[in-house]
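The values are calculated or read from the model by the stated rules, or taken from the named source; none is laboratory data. Being a predicted model, the structure only gives us computed values, none of them experimental. All Cβ positions, glycine included, derive from the backbone under ideal geometry; neighbour counts span all protein chains shown. Surface accessibility is based on the protein's heavy atoms, side chains included, excluding ligands, DNA and RNA. Shrake-Rupley method; radii C 1.70, N 1.55, O 1.52, S 1.80 Å.
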Amino acid sequence: MEKAKPSMQSHDLQLQEAVFLQGHQEQSIIQRRITEWLILARIQFTIIREAWVWIFIMACMFPLTTLLFLKFFTVDPTPAVMTRIITGNMLFGLIVMGLNSMAQEISWQKHQGHFTYYSSLPIAKVNFIFANLLRGLIMSVPSFIILALIGQLAYGIQFHYSWGLVPVLLLTVFSVVGAGVLIGFWSPSHQLTNMLVQALMMFISFLTPVMVDMNQLPGILQWFSYIFPTTYAAEAMREVLISGWSGSVAWNTLILLFFSLLSIVLILKKIDWRVEK
């Protein structure tokens, strides 16, 4: 019995040491993943910093000109119509940068072989994806803020700002940017990507309930609208800016969360560092 007791104690000590080492290893992996993401995020931030002037112009030029055109074109619009015009142009800026620009940029990098460099690094693909999503967020949010301020001044209305605007804004950006990143990684050719995102940009902006009300569209376009996250984003954005958080806003926000998660899952399945020859 006396010999068996030290043996059991030794076994317990070895087990405790193994558990400690496993926990330390898992902690080291988490720290390494965080460090990877921070480095990749800094790379994306550097790209934005070097071209922030052009990004700013592209993010604001098209939606701002559309906003001012509709201001001159509409006669005595109601507050609901004014809110729809402003939020529609805010989403238009997001579509230009998050869907169009991100898809073209990632497609260009893919077909130029830039991802071969990243494939040679010991990094997780999910970190590279989230770094690109962060880049899309940084590129898109300024246009949201600028168009909201200019729209209020141009139409003389005041939005209702509340905490509910934060999740709506973030999930709107991530759902649209996620679609753009997915198209960029899927891209079979850069020319096809350019044509596809240009067509999608115009279709989503003007033939779905972004600039217009759902009831103003033909029945077939109403059905097509439900497959785009911008339909739910436009509805949630309008309601939260007019009356604050509500059950309808919560439902649309939940759908935007689904689109965001779906895009991440599809990107993880479709991402490929190299172009197939």
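Measuring with a 1.4 Å probe in the full set of protein chains, what accessible area per residue, in whole Å², belongs to the range 88-188?
In whole numbers, the range 88-188 has 35 Å² accessible per residue.
Average the reciprocal distances over every distinct pair of alpha-carbons in the range 50-128, invert the result, and give the Kirkwood radius in Å.
Numbers: mean 1/r = 0.0653 Å⁻¹.
After inverting the mean inverse Cα-Cα distance, the result is 15.3 Å.
Which log10 I(q)/I(0) values, to two decimals, does the range 128-277 give at q = 0.20 Å⁻¹ under the Debye formula with one point per Cα?
Rounded to two decimals, the profile gives -1.40.
Please work out how much accessible surface W37 shows to a 1.4 Å probe, ignoring ligands, DNA and RNA, in Å² rounded to 10.
Probe radius 1.4 Å; accessible area of W37 about 80 Å².
Loop only by DSSP, 13 or fewer other Cβ within 10 Å of the Cβ. Give me the chymotrypsin sites (Phe, Trp or Tyr not before Pro) in the range 107-215 that pass, ordered by residue number.
Y161, W163
By accessible area of protein heavy atoms, probe 1.4 Å, what ranking do R42, R84 get, highest first? Don't skip to the end; give the middle numbers.
Details: R42 180, R84 40 Å².
Accessible-area ranking of R42, R84, largest first: R42, R84.
For the chain, set up a GNM with springs between Cα atoms under 10 Å and report which of V177, V249, V81 has the largest fluctuation.
In this elastic network of the chain, the residue with the biggest mean-square fluctuation among V177, V249, V81 is V81.
Can you pull the percent of the range 54-270's accessible area that's carbon plus sulfur, 1.4 Å probe, other chains left in place?
Details: 7290 of 9840 Å².
Of all accessible area on the range 54-270, carbon and sulfur atoms account for 74 percent.
From the alpha carbon gyration tensor of the chain, can you work out the equivalent ellipsoid semi-axes (sqrt of 5 times each eigenvalue) and give them in Å, largest to smallest? Display every interim value, and only then the final one.
On the way: eigenvalues 387, 114, 59 Å².
Those come to 44, 24, 17 Å.
Relative to the Cα centre, what is the charge dipole magnitude of the chain, using +1 at the beta carbon of each Lys and Arg, -1 at the beta carbon of each Asp and Glu, and rounding to the nearest 20 debye?
It comes to approximately 440 debye.
Using a cut-off of 13 Å between beta-carbons, work out the net charge of the residues near S248 (Lys and Arg +1, Asp and Glu -1, S248 not included).
Every neighbour counted, the sum reads -1.
For the range 108-178, report the translational diffusion coefficient in µm²/s to the nearest whole number, using Stokes-Einstein at 10 °C, 1.306 mPa s, and a Kirkwood Rh over Cα pairs. Provide the component values of the computation, followed by the final result.
Values: Rh = 14.9 Å.
Roughly 107 µm²/s, to the nearest whole number.
Given axes a ≥ b ≥ c from the Cα gyration tensor, I'd like to know whether the range 77-199 is rounded (a/c under 1.5), prolate (a/b larger than b/c) or oblate.
prolate
Can you sort D76, D213 by 1.4 Å-probe accessible area, starting with the largest?
Details: D76 140, D213 45 Å².
Result, largest first: D76, D213.
Taking only pairs that are 8 or more places apart or on different chains, how many Lys pairs in the chain have Cα atoms under 27 angstrom apart?
Taking the Cα cut-off of 27 Å, the pair count is 8.
Specify which residue in the list L262, V249, W163 is farthest towards the positive end of the charge dipole of the range 54-270, using unit charges on the beta carbon of Lys, Arg (+1) and Asp, Glu (-1), about the Cα centre.
My answer, from the dipole projection, is L262.
Hey, what number do you get for the chain at 222 nm if only DSSP H runs of n ≥ 4 count, each worth -39500 (n - 2.57), divided across all residues, to the nearest 500?
The helix contribution divided over the chain gives -26500 deg cm²/dmol.
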